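In what follows, a structure is listed as structure tokens, so that the remarks can point back to it.
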Amino acid sequence: MRTSILKLLAVIITILTFVWLLIGKPDRSAEQLTLKQEVAAEADLRSQALTFAMDKYRQATVLLARTDIVASIVENNSGEYKGNLDRLFYLQALSGVSSMHVLKKDSAISIPEVTIPANVSGSESWRSGIDRAFRGSLGRTFYNNANARPIYVFFAPVPSQNNQVNAILIVKIDLGLVRDSWQVSPNHISIHGDNGDLWFDNGLPIPTRAISIDRTHAPMTATLTLSTQQPPWHGRWMLRSLILSLLLLLGGVMAFSLVERRRFLSELAQQRAGEAQRLEHEVQQRTTELKKVQKQLILSEKLALLGQMSASISHEINQPLAAIKNYATSARRLAERQETARLPATLKNIEQLCDRVSRIVVNLRSFASNEPGTLQSIPLTPLLQEALNEFYDRYPTSTGHCTLEASTSNLKISAGHVRLLQVLGNLLTNAWLACRDQNPPSIRVAVTHNDNNVEIRVKDNGPGIDSNLSPHVFDAFFTHRNDDTGLGLGLTISRTFIQSMGGDLKIENSSPSGTTFVISLNQKPA
């Protein structure tokens, strides 16, 4: 009897093994999770590269529109068409863009002449970008040209002395190089506009059972989508094989338990011990994978912050460098005309601008290493006037809409000159972007003080900030703007600068009639 039962058990085990190998399939859930992580990692890399490039071209467009070369082309009415072309081609080669065009107000022909997209949607967005630029903001559009090359266009206003936008600079960027770089990827990569229209892709078909990852791109008002084929799922086959195997195993266990109960229990205990070891190994492996993904995310954040910081450094340093160039040109002309009496003042201005660049670098280094920096006794009224002058240079249309109310001209504060200028510039810029659509827009800068403290208030008449959002305005990467100009770092860095000077930055009031930010600093006696 015992031999018969053993033979029956051997047959059952043989059938169980055969059915398992024939029907059963391994569970692919872990492989699917790994594939999703790989797709997300590639989408992050593609998205960061595209965001960095478009941020660079956006900043370059604004800076090119402020150059003396573009200004001379706008002011030149003598018809020197070839000379204007040569100067634009020089800027084009210097900046690395595909093409540049200057369009004057009330003129249908640009320098050089540019072709409007033929399709209806492309021409409408083209005209919308031109209208936005003539209103003083940065316009943009996308279209595919006659050669099926994806083209992204920026429209930047050209500043003028009368604070009116009389001309704009049109800059084209060929995104075909970005599309060509995607050819090496085995996955489907595409860019869609904010209305869902497909701009371009890498030519690969969309998988039928796809795993897709979306990454938004604020500088382009577009979305990058990366899709890959989802691995086949064998859950149903696993369930069938498991049910059949359990039925066969139940019969074998019932027969074998009559004579081999002790051995069965021993094997079952060993099996559970092995399962526990396998689960422990999987937990350790998953923990290692999570740490690796965490390191990749940290690296991605560092790369994104590096791109944003490089754009900020370029903006802060290019302004004094441009002024140094202008003063150096004036000094050379004075020397050629032997007007030496005016040379010392010009050279002194160059020396002061060089000192300003040095202070910017020192403060950036101090911020990167979390050092407090050097505090000085600074006259407040000249510093506020300097901040307003830089603000007017950046936004010419704001001239006349900002009021300075200083309680005393002899007041001095303990602060860092460059860092406080950067904070004031950021607050004035935020105020102007909030109230520039009001009729009329208004910004008030007021100063109050007592024996030990000075408070600088910047108030606008914009629509205010929602009460649910006010507690988060100083959080990193938080922005409440509807356009793509906000990075969410300006107020965070500004508060860090003020706190490094022993003060504080806060919101005093925000309502539908406007918002007020307050800078509190220590007063240093004269």
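Residues checked against (1) surrounded by 13 or more Cβ atoms within 10 Å (Cβ to Cβ); (2) modelled with pLDDT of 75 or more:
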{"site": "Thr208", "(1), (2)": "no, yes"}
{"site": "Ile211", "(1), (2)": "yes, yes"}
{"site": "Arg215", "(1), (2)": "yes, yes"}
{"site": "Thr221", "(1), (2)": "yes, yes"}
{"site": "Gln229", "(1), (2)": "yes, yes"}
{"site": "Gly235", "(1), (2)": "no, no"}
{"site": "Leu249", "(1), (2)": "yes, no"}
{"site": "Gly252", "(1), (2)": "yes, no"}
{"site": "Arg261", "(1), (2)": "no, yes"}
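Kindly indicate which of Ala60, Ala93 is small (Gly, Ala, Ser), under 30 Å from Ser398 (Cα atoms) and not in a loop (DSSP other than H, G, I, E, B).
Matching residue, one of Ala60, Ala93: Ala60.
Scan segment 323-380 for residues that are charged (D, E, K, R), modelled with pLDDT under 80 and assigned to a helix (DSSP H, G or I) and jot them down. Walk me through it before giving the result.
Taking segment 323-380 first, the residues charged (D, E, K, R) are 325, 332-333, 336-337, 339, 342, 348, 351, 355-356, 359, 365, 371.
When the remaining residues are screened for being modelled with pLDDT under 80, the result is 355-356, 359, 365, 371.
Of everything in segment 323-380, those that are charged (D, E, K, R), modelled with pLDDT under 80 and assigned to a helix (DSSP H, G or I) turn out to be Asp355, Arg356, Arg359, Arg365.
In the set Arg46, Arg66, Arg2, which member is farther than 30 Å from Leu224 by Cα and modelled with pLDDT of 85 or more?
From the options Arg46, Arg66, Arg2, the qualifying one is Arg66.
To keep it simple, each residue is scored yes or no on (1) in contact with a helix residue (DSSP H, G or I) (Cβ under 7 Å, 6 or more places away or on another chain); (2) at positive phi; (3) free of Cβ contacts under 8 Å to residues at least 40 places away in the same chain.
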| position | (1), (2), (3) |
| --- | --- |
| Ala65 | no, no, no |
| Asp68 | no, no, no |
| Glu75 | no, no, yes |
| Gly83 | no, no, yes |
| Gly96 | no, yes, yes |
| Val102 | yes, no, no |
| Ser110 | no, no, no |
| Thr115 | no, no, yes |
| Gly122 | no, no, yes |
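Picking from Ala210, Ala167, Ala222, Ala156, which residue would you name as being over 15 Å from Asn144 (Cβ atoms), under 22 Å from the mean Cα position of the chain (by Cα) and not assigned by TED's automatic domain parsing to the domain that holds Asp393?
From the options Ala210, Ala167, Ala222, Ala156, the qualifying one is Ala156.
Residues in segment 408-430: is at least one among the polar types (S, T, N, Q) and without any contact (Cβ under 8 Å) to a residue 24 or more places away in the chain? Spell out how you get there, then give the answer.
Looking only at segment 408-430, we keep the residues that are among the polar types (S, T, N, Q), and these are 408-410, 414, 422, 426, 429-430.
Among the residues that remain, those that are also without any contact (Cβ under 8 Å) to a residue 24 or more places away in the chain are: none.
No, segment 408-430 has no match at all.
The values are calculated or read from the model by the stated rules, or taken from the named source; none is laboratory data. Computed from a prediction, not measured in an experiment: that's the story for all the values here. FYI the Cβ positions are ideal-geometry reconstructions off the backbone, even for glycines, and counts take in every protein chain you see.
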